[in-house]
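The values are calculated or read from the model by the stated rules, or taken from the named source; none is laboratory data. Just so it is clear, the structure is predicted and the values come from calculations on it, not from any experiment. Here the Cβ positions follow ideal geometry from the backbone for every residue, glycine too, while neighbour counts run over all protein chains shown. We work out accessible area using only protein heavy atoms, side chains counted, and drop any ligands, DNA or RNA first. Shrake-Rupley method; radii C 1.70, N 1.55, O 1.52, S 1.80 Å.
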Amino acid sequence: MTRRETLWHGATGIALICSFDKVARLASAPSGKPGPARRGELASPFDPFQVDLPRPPVLQPVHTTATVQRYEIAMREATAEILPGYETPIMGYQGIFPGPTIRARRGRRTVIRQTNELSDHVSVHLHGGLVPESSDGGLHDYHIAPGAARTYYYPNEQPQSTLWYHDHVHGMVGEHLNAGLTAFYVLSDADDRKYGLPSGGARDVPLMIQDRSFLDDGSFAYAQNLGAGFFGDTILVNGAIAPRMRVQRRLYRLRFLNASNARCYELVLGNNRPMHQIATDGGLLPAPVTRRRIPLAPAERAEVLVDFSQFSAGSQLILRNVIGEPSTTAVMRFDVAGKAGKRARIPKRLGKLGKLPPTAATQDVTLNFQDDPAEWQINGMGFEEDRIDWHPQLGTAEVWRFINDSEHAHPMHLHGCHFRVVAIDGKAPTGADRGWKDTVHVLPGQTIAVKPHFKQYAGRYVMHCHTAEHSDVAMMAIMEIMQ
Ligand code: C2O
Ligand code: CU
Ligand code: CU
């Protein structure tokens, strides 16, 4: 699709690859950047750290009481200016990419009326949300036809966590995510204040990390790649190409979300600076885990505290993806500014993980590829809308062993429950792997046992691989949590 050319960015020493054609065209783009593009002289818009980190707007409720907040969202086509002078067609919640952030509080329900102004069917899923079947968005029965609307009820009875909402129409998730139907949903509770965590202000920063490729007209490229899934050659954070963010010399809470279709990241800050991970998908860890690398498979979240007070004003810290290609290494840059703030305190302990009930049953879940017809399977079966494979009992916990019998990794995700990892290739998890999760990355040949707790609602929920190109081609199955 693209002819690639290596460009070196002298200032940062990060090698970049992008299409020479693209650069040449962009140089004569309507925004008037003078051409012709000459390597190393004219900044390419694909060079990192040229734009400020966008913050998706926080959606304002149409109605608020002590117990409920109501929102209205229209999903529609629009354009976004990601490359200067180009209008990239997107599908967006409220017509923006990423969609607006919803800030919810534990104990107060969220009700969202979602109107489908697109020409495709859609379905809205609150990833990581413990919600009733009819508001989960995972099943075919609850799709929203073009022109129709649906109201979603989110009880917000679970602990504070970084959730996200995204499209879930089986067979089209890859395309719809790539087109922009992804947004944050941040749930807070009293623990934020209790542990002194930045919450809701300038120092609480949701960071949606995605990869994209652009065609010559500025539109997003997309191709169904059944093997590895779709990979883009450019990193976006909150919809901007490898942006920069000015930070004060204070404590920040970064909420990393990998909202890419298929790409995994391993994030490193500056010269291997420690980050203090405080939360996984499902909420707070029992204590911060100090890490120099944060791995993030599709759909996973990690919240970290970074104390920028330890850096002098003028320092620049690059957040790198150390498992990327040259053009997908630079993720973003933090530019430290201002006077030394109060010395930050990293809390010593956080919440309790809580107890799991004894194991009621053990399920083996084998992940495999079938050649003819080519599809991804779970226990030797591709997805069927009317087949229910498991019937766990509400209130119990089971052990599910994901056995990866394939040559690709699979970020396995369960709806309707959260789980803890109990064994990775037979070994007990350590560090952040002990936290509450809803998605776990299972490497080729690996066996990971997790223990889901079916505690919130009875009903039918899907489980699937979160590589969108895998779940779209059948890597999904249904369980029914029995009353
Ligand atoms: Cu992120 Cu089934 O979803
Ligand atoms: Cu989900
Ligand atoms: Cu997969």
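Computed quantities for the displayed model
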| quantity | calculated |
| --- | --- |
| Identity of the residue in segment 433-456, part of a loop (DSSP other than H, G, I, E, B) and surrounded by fewer than 20 Cβ atoms within 10 Å (Cβ to Cβ), that ends up nearest to the chain's Cα centre (by Cα) | 443 |
| Pairs where the first residue, in segment 401-413, is not assigned by TED's automatic domain parsing to the domain that holds residue 364 and the second is in a strand (DSSP E or B) and away from ligand 3 (no atom under 11 Å from the Cβ), C-beta under 9 Å, 6+ apart | none |
| Selection status of residue 265, open to solvent by 10 Å² or more (accessible area, probe 1.4 Å) and either in contact (Cβ under 8 Å) with a residue 12 or more places away in the chain or closer than 28 Å to residue 410 by Cα (or both) | no |
| Residue under evaluation residue 385, criteria (1) away from ligand 1 (no atom under 16 Å from the Cβ); (2) open to solvent by 50 Å² or more (accessible area, probe 1.4 Å), criterion not met | (1) |
| Within segment 262-282, tally of residues that are within 12 Å of residue 432 (Cβ to Cβ), in a strand (DSSP E or B) and touching a Gly at 6+ places or on another chain (Cβ under 9 Å) | 3 |
| Residue within segment 371-389 that is assigned to a strand (DSSP E or B), closer than 28 Å to residue 163 by Cβ, aromatic (Phe, Trp, Tyr) and more than 13 Å from ligand 3 (Cβ to nearest atom) present | no |
| Segment 373-415, residues that are out of contact with any Phe, Trp or Tyr (no Cβ under 8 Å at 6 or more places or on another chain), among the small types (Gly, Ala, Ser) and within 22 Å of residue 298 (Cβ to Cβ) | 374, 409 |
| Residue in segment 101-111 that is of a type in the set (Val, Ile, Thr), at pLDDT 95 or above and exposed (fewer than 14 other Cβ atoms within 10 Å of the Cβ) present | no |
| Qualifying residue in segment 348-355 (condition: open to solvent by 20 Å² or more (accessible area, probe 1.4 Å) and either not basic (Lys, Arg) or not in a loop (DSSP other than H, G, I, E, B) (or both)) | yes |
| Single residue of segment 408-428 satisfying the filter (closer than 25 Å to residue 456 by Cα and away from ligand 2 (no atom under 16 Å from the Cβ)) that is surrounded by the fewest Cβ atoms within 10 Å (Cβ to Cβ) | 423 |
| All positions within segment 160-171 that are in contact with a helix residue (DSSP H, G or I) (Cβ under 7 Å, 6 or more places away or on another chain) and either within 15 Å of residue 121 (Cβ to Cβ) or open to solvent by 10 Å² or more (accessible area, probe 1.4 Å) (or both) | 166, 167, 169, 170, 171 |
